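Heads up, the thing below is written out as structure tokens.
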Amino acid sequence: MTIHNTIYVDETRYNLYTMPHKALRRAQMLLLGRLGSVDPEDAVAVASIAADMRKLIAVGRGHLEHENIHIHEVIEAHRSGATERLADDHEEHERDFDELSAMLDDIEMATAAHLPALLRALYLRYSLFIAADFEHMVEEETETLSLLHQLFSDDELRLIEQRIVASIDPQMMMDHLTMMMPAMNHGERIEMLGGMKSAMPATIFEVVCATSVRPFLEPAEWQKLKGALAIAA
């Protein structure tokens with residue numbers, strides 16, 4: 001187990017990892033909880049978990065691709081070999097996704113008698129994946145972010161993030177938004193939505209809030225956010 005005596009945090013600099021990683025951590029933990037408590041005899045619940053895990057695997061694969069292309073490549077252009085360990089982790093994650101997908105295939109084809117054991121195995125395997133992924137994301141948010149801060153200005157980091165956002169399909173972007181909103185704190189929500197509000201026609205922004213923001217927040221959180229952004233009801 002890796003022991004981190006010093007955690008790099010610099011709140012004065014731009015962090016392009018925080019919001020997507022918060023979303024992934026929250027979604028993974030919620031899914032693990034559901035997987036641990038699901039009734040094997042509830043076919044609807046089992047099917048729902050399988051579908052949600054496949055969706056989260058797809059999000060994870062896209063996240064790896066975006067980091068490989070838009071972050072690792074620009075780092076390598078300035079510091080050759082600096083992302084080798086991250087690349088190894090990403091390759092391991094891809095193998096994890098393949099294995100988890102195969103386990104889901106088995107669950108979807110299993111008889112009722114075999115489901116409890118298969119679900120238990122998936123629960124344990126997914127726990128291992130999350131443990132590895134959480135450690136990987138901490139490395140990115142500390143060691144890799146420190147390197148990014150040495151190599152690039154905040155404006156350059158924002159441009160990198162903008163290229164990532166531009167490469168994501170609009171519907172997938174809305175799916176990401178629904179994952180990120182409940183994982184963020186109030187200030188982070190204002191930062192993200194404030195930028196979106198200034199860049200979108202008002203009617204489109206209101207639709208985004210109605211479909212991808214408000215339903216995924218607690219009522220008190222929404223009212224606080226609505227007031228801060230002066231969003232029309």
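One residue is enough: does the stretch 152-170 have a residue meeting the conditions in contact with an Asp or Glu (Cβ under 9 Å, 6 or more places away or on another chain) and in a helix (DSSP H, G or I)?
yes
Give the residue, chosen from Glu67, Glu73, that is surrounded by fewer than 18 Cβ atoms within 10 Å (Cβ to Cβ) and under 30 Å from Ser153 (Cβ atoms).
On the way: Glu67 fails: surrounded by fewer than 18 Cβ atoms within 10 Å (Cβ to Cβ).
Result of the check over Glu67, Glu73: Glu73.
Cβ-Cβ distance below 7 Å, separation of 6 or more or different chains: which pairs start in the stretch 215-227 with a residue that is at negative phi and end on one that is among the polar types (S, T, N, Q) and surrounded by 15 or more Cβ atoms within 10 Å (Cβ to Cβ)?
Phe216/Thr178
Farther than 23 Å from Asp10 by Cα and touching a Phe, Trp or Tyr at 6+ places or on another chain (Cβ under 7 Å): is that true of Pro170 in this structure?
Values: farther than 23 Å from Asp10 by Cα: yes; touching a Phe, Trp or Tyr at 6+ places or on another chain (Cβ under 7 Å): no.
Answer is no for this residue.
Assess whether Pro20 counts as being in contact (Cβ under 8 Å) with a residue 60 or more places away in the chain and either touching a Ser or Thr at 6+ places or on another chain (Cβ under 9 Å) or assigned to a helix (DSSP H, G or I) (or both).
So Pro20 passes the test.
All of the numbers you see were taken from the coordinates with simple rules; none came from a lab. The model shown is predicted, which means the values in this text are computed figures rather than measured ones. Note that we place each Cβ from the backbone using ideal geometry, even for glycine, and neighbour counts take in every protein chain shown.
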